[in-house]
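Bear in mind these aren't lab numbers, they're just calculated from the coordinates by the rules spelled out. From a predicted model like this one, the values you see are computed outputs, not experimental measurements. Ideal geometry is used to build each Cβ from the backbone, glycine not excepted, and the neighbour counts take in all protein chains shown.
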Number of protein chains: 2
Amino acid sequence: MTTITTTDPRTASTVDTGIEATSDSEVATLAMAAAASFGELRRHSRGWRAGLLRAVAAGLESRRDELVSVAEGETGLSAARLGTELTRTIFQLNLFADAVIEGGYLEAIIDHAGDTPMGPGPDVRRMLVPIGPVAVFGSSNFPFAFSVPGGDTASALAAGNPVIVKAHSSHPITSRAAFDAMHAAATAYGAPDGTLSIVYGQHAGATLVADSRVAAVGFTGSLSTGRILLDIIERRERPIPFYGELSSLNPLIVTAGAIEARGDAIADGLFVSFTASAGQLCTKPGIAFIPRGADELIETLVARATDAPAQPLLNERIFNAFGEIRQRLVTEGRARVLVEPQVGMGGFTLTPGILEIDAADLRASTTEEAFGPLIVIVRYTRLGEVSSALRTIPDSLTATVHSESSEREEITTLVEELQDASGRVVFNGFPTGVRVSWGQHHGGPWPATNSAHTSVGVTAIRRFLRPLAWQDAPEALLPAELRDSFTAVPRRVDGVLKLAIGAS
Amino acid sequence: MTTITTTDPRTASTVDTGIEATSDSEVATLAMAAAASFGELRRHSRGWRAGLLRAVAAGLESRRDELVSVAEGETGLSAARLGTELTRTIFQLNLFADAVIEGGYLEAIIDHAGDTPMGPGPDVRRMLVPIGPVAVFGSSNFPFAFSVPGGDTASALAAGNPVIVKAHSSHPITSRAAFDAMHAAATAYGAPDGTLSIVYGQHAGATLVADSRVAAVGFTGSLSTGRILLDIIERRERPIPFYGELSSLNPLIVTAGAIEARGDAIADGLFVSFTASAGQLCTKPGIAFIPRGADELIETLVARATDAPAQPLLNERIFNAFGEIRQRLVTEGRARVLVEPQVGMGGFTLTPGILEIDAADLRASTTEEAFGPLIVIVRYTRLGEVSSALRTIPDSLTATVHSESSEREEITTLVEELQDASGRVVFNGFPTGVRVSWGQHHGGPWPATNSAHTSVGVTAIRRFLRPLAWQDAPEALLPAELRDSFTAVPRRVDGVLKLAIGAS
């Protein structure tokens, strides 16, 4: 038996967790239990399912102190940051509960029988139904919001699917603690066995993705691990959707007008945005276009980075990769070093680093994502240079522009380019601190994600549903939401959208 | 230069079309023009785009006689059937125009800035935007509705994308004629160059799928060709979505009660459903479960099949594959021959065939799809046998059950199984004759399609869109539909769905 270890990144001390890696036969047993629970889960109402999400949220809340404390030891993130993240995670579960009750996510459509130019048409009714057991691979950098109790789990459960999570190797104890809290709450609520389960170890994760009973995979992590899992999926007999949030450089552009109007505020915001959580955020601005001449902003950034204390990175792999990529940006990308990151006193700790390059010199080798507290400042004179340089940057989750309203005309083309190259365009703000809401979109063109999906916001539920149609079905065999007499969810009836009437 | 030939399947006579296969450099030029047109297309309003769809529909209508006549010669389908198909194709374009005007497909969501449990949240607005040039591979069996002017083209255009169609080798002249009608109408309407283009030849199709400017592929055809295109996509640097409608056996189950109540009507309907268009429909019931004892229904089917005239299959490949698969069902699948198909007087013509097997003997080798006028009758005694046998059948676009209301309880489990194994469950009817409407779903679990999508109905537009979010965007830089003052499309505002107010 392999046992799982965990490391405190603040000290690099490793301890045995006592958790055993999940064997292939255990993975198969869990997948079978998940598949068995699916039948029962589907028979429950939306009201029941919203209750399950709320119970799970309350279960996490009831163990807040323990969860934050365990996560602090495994991730090196601050208790304050982890507390906010747990609040967000609980809020997210409750928001999905609201969405399940509201019912618009079902996309219910009723076309009554009637004449068509091709003759009489049958009665056709359609809505979205759950797809089956979902495997969730959480991220290293959000031990709650994008891990065991995170958005993938919440949206898959909300859709009506059982979930099998793969514990992240960087925080196995946090994973287990969060799982235990959720599992206990789900069991007390009456959820069937198999609704929620967890596997440990890389091998178990690969076995899970290959399992014929798994119907979809949600993944937040690196492009390289994402590719490994995609390869497994491509070898499956029955292909399944893989929703991967993979990599993002998140370009940020500051115009000359914005510098003049509020250069200091931008410098402060930018510093916080690229160094918060030691720069380990999917939406960290990794590259910022700053006009030549805006030396004061650069000086502020340099001063703040130089004075900043070392922060722990999440694990040794990230710490080492950060150093290697930063080095490549200098040697191969020819970036100038403005601030050299300093290794801290213990563990995998580092101070922030700043590199600089001219827009004309930007090329593929300067646009590698360094996961950690690093920013590449690109100096430019005309916005046309920015447009050219942007073509060398892989598409991202987000793109940000700071400008003044007097520059509206000049930035129109740039904004169109940023829309094409990202999933969210941010104006006069910062891409970090992703709001969890109905309309949020956290996804972007490849390689930000591998499909046009979001892993944050209510529409994330859409990933774990599939359409199903009923033709001339007897009323009794239709789902409640598609019966004529039911009006408590929004529906499109004979082409006309109708709001919900009455309680759901 | 390779020139394209075409064959009249009624006579097997082949003629040179004079059309040259599109070269790699021509494909690249067309893809570049499509990409260039995308920028201009996006700047047009939804009203403009609805007008484009209607203009294209009118362009096809204006050449109805020519189109039907050309298609008759290349497909062997009857003029009546082709006329109905063209009507459906035109209806479909106009229905998408209605949907574009209605605007619900944009899934517009506005979350105003406000307090959240994690602190102040920014203003986030999200809607769906077009993805870019779409490559469309039409099918052999629907020269209009699933080909050049078909649902993939209509939905991709409706979404705001340029379209590059690959002419089907089985009907190149029809493809060209339909393209010419659409292209002339689009040009007269003022659509930019590159909005619509066409390529000829298998090699050109492969080049198109590999082209970096192509953003998605719509495909209707065989599993084997689908796999070839998927392999090309997996080798691309940037993955793109592939929406394939691939293969479907469409099981149909008749209960004892239904036989007793209306066995004759079911026999008539079933015969028409599996032989219409020479059985070359994606939703043809290829396998029907009939209770032991229902010999009268079988006798009727046998009599009608024996008396039926030979009909031409679409091409030599389908004709040959049909014979080979039918043979395998007999030799390897051990099916009994009730009616042997007879080869007709000329061309690729055949009369219908009927095979029979006991439910307990059904296995993978008996469940291969024979594209053409063939049905496998599966005899059963208890519905439990049907459930077991269904597990050997690949998932399908549709599943059908004929039963009486007195049997409601007995069929509940069966209906659940059919829901899991298909995209549309049909009650007391037949799966062929797919209604084009808002709620239609034409898709199903693998291998019916390779993703949870539909290629018929208004929601087919969703395939060619991606979500995009704007954070704290100045009003002037938002799409019209996301501005506060705009109310002419349905939107979700701060979590609450609002109907459209005022004209769009």
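Just a few scattered comments:
- Against the main long axis of the alpha-carbon atoms of chain B, helix B:46-62 sits at an angle near 40°.
- Chain B: angle of helix B:295-307 to the longest principal axis, Cα-based, in degrees nearest 10: 80
- Dimensionless Rg ratio for chain B, taking C-alpha atoms and the 2.2 N^0.38 Å reference: 1.04
- Centroid-to-centroid separation of region B:106-166 and region A:162-237 [C-alpha atoms, Å]: 31
- Across the copies of the chain, A:Arg317 has label points (7 Å from Cα along Cα→Cβ) spaced 4.4 nm apart, shortest distance listed first.
- All lysines inside 18 Å of B:Lys498 as judged from Cα atoms, apart from same-chain residues fewer than 8 positions distant: A:Lys498
- Net length gained if the chain between A:Val272 and A:Ile501 were fully extended (0.36 nm per residue, minus Cα distance): 77.8 nm
- Comparing A:Ala159, A:Pro133, A:Ser147 along the charge dipole axis of region A:112-220, the residue lying farthest to the positive side is A:Ser147, per the Cβ-charge model.
- Using C-alpha pairs below 8 Å separated by at least 6 residues, the relative contact order for region B:171-265 is 22 percent.
- Size descriptors for region B:428-504, from the alpha-carbon set: Rg then Dmax equal 17.6, 55 Å.
- Per-residue Cβ neighbour rank within 10 angstrom, fewest leading, B:Arg64, B:Arg235: B:Arg235, B:Arg64
- Average beta-carbon neighbours from other chains, 10 Å sphere, peptide B:441-450: 4
- Here the mean projected area of the convex hull built on the C-alpha positions of region B:308-371 is 4.2 nm².
- On Cα atoms only, tilt of A:223-235 relative to the major axis of chain A in degrees: 30
- Residue order, fewest to most beta carbons within 10 Å, for B:Asp307, B:Asp420, A:Asp361: B:Asp307, A:Asp361, B:Asp420
- Shown is the FRET efficiency for A:Gln342 and B:Ser23, computed with R0 = 45 Å from the Cβ-Cβ distance and rounded to the nearest 0.05: 0.20.
- The aspartates and glutamates within cross-link reach of A:Lys166, meaning a Cα-to-Cα straight distance under 17 Å and a gap of 8 or more places when in the same chain, are A:Glu20, A:Asp24, A:Glu26, A:Glu74, A:Asp152, A:Asp180, A:Asp211, A:Glu245.
- Which of A:His453, B:His112 has the fewest Cβ neighbours within 10 Å, and the rest in rising order: B:His112, A:His453
- Pseudo-label separations to other copies for A:Arg334 - Cα-to-Cβ vector, 7 Å, nm: 7.4
- Charge sum, other residues only, whose C-beta stays under 10 Å from A:Pro467's C-beta, Lys/Arg counted +1 and Asp/Glu -1: +3
- Rounded if a/c under 1.5, otherwise prolate or oblate - region A:251-427, Cα gyration tensor axes: prolate
- Difference of contour (0.36 nm per residue) and Cα-Cα distance, B:Ala303 to B:Asp16: 99.2 nm
- Fully extending the segment from B:Arg363 to B:Met118 would add 82.5 nm, taking 0.36 nm per residue of separation and subtracting the current Cα-Cα distance.
- The Kirkwood radius of the protein assembly as shown, taken over pairs of alpha-carbon atoms, gives through the Stokes-Einstein law at 25 °C and 0.890 mPa s a diffusion coefficient of 82 µm² s⁻¹.
- Other-copy label distances relative to A:Ala476, 7 angstrom Cα-Cβ extension, nm: 6.4
- Positive-pole candidate from B:Ala360, A:Thr187, B:Ala389, dipole of the protein assembly as shown, charges at beta carbon: A:Thr187
- Estimated FRET transfer efficiency (B:Ala265, A:Asp264; beta-carbon r; R0 60 Å; 0.05): 0.15
- Peptides B:124-133, A:218-227 ordered by average Cβ neighbours within 10 Å, highest first: B:124-133, A:218-227
- Among the residues of B:102-109, the average count of other protein chain beta-carbon atoms within 10 Å of the residue beta-carbon is 3.
- Counts of other chain beta carbons within 10 angstrom of each beta carbon in peptide B:396-406 average 1.
- Our Cα-only numbers for region A:225-347 put the radius of gyration and Dmax at 18.3, 59 Å.
- Calculated FRET efficiency, B:Met32 to A:Thr412, Cβ-Cβ distance, R0 = 35 Å: about 0.90 to the nearest 0.05.
- Net charge, A:Pro149 excluded, C-beta distance under 14 Å - Lys, Arg +1, Asp, Glu -1: +1
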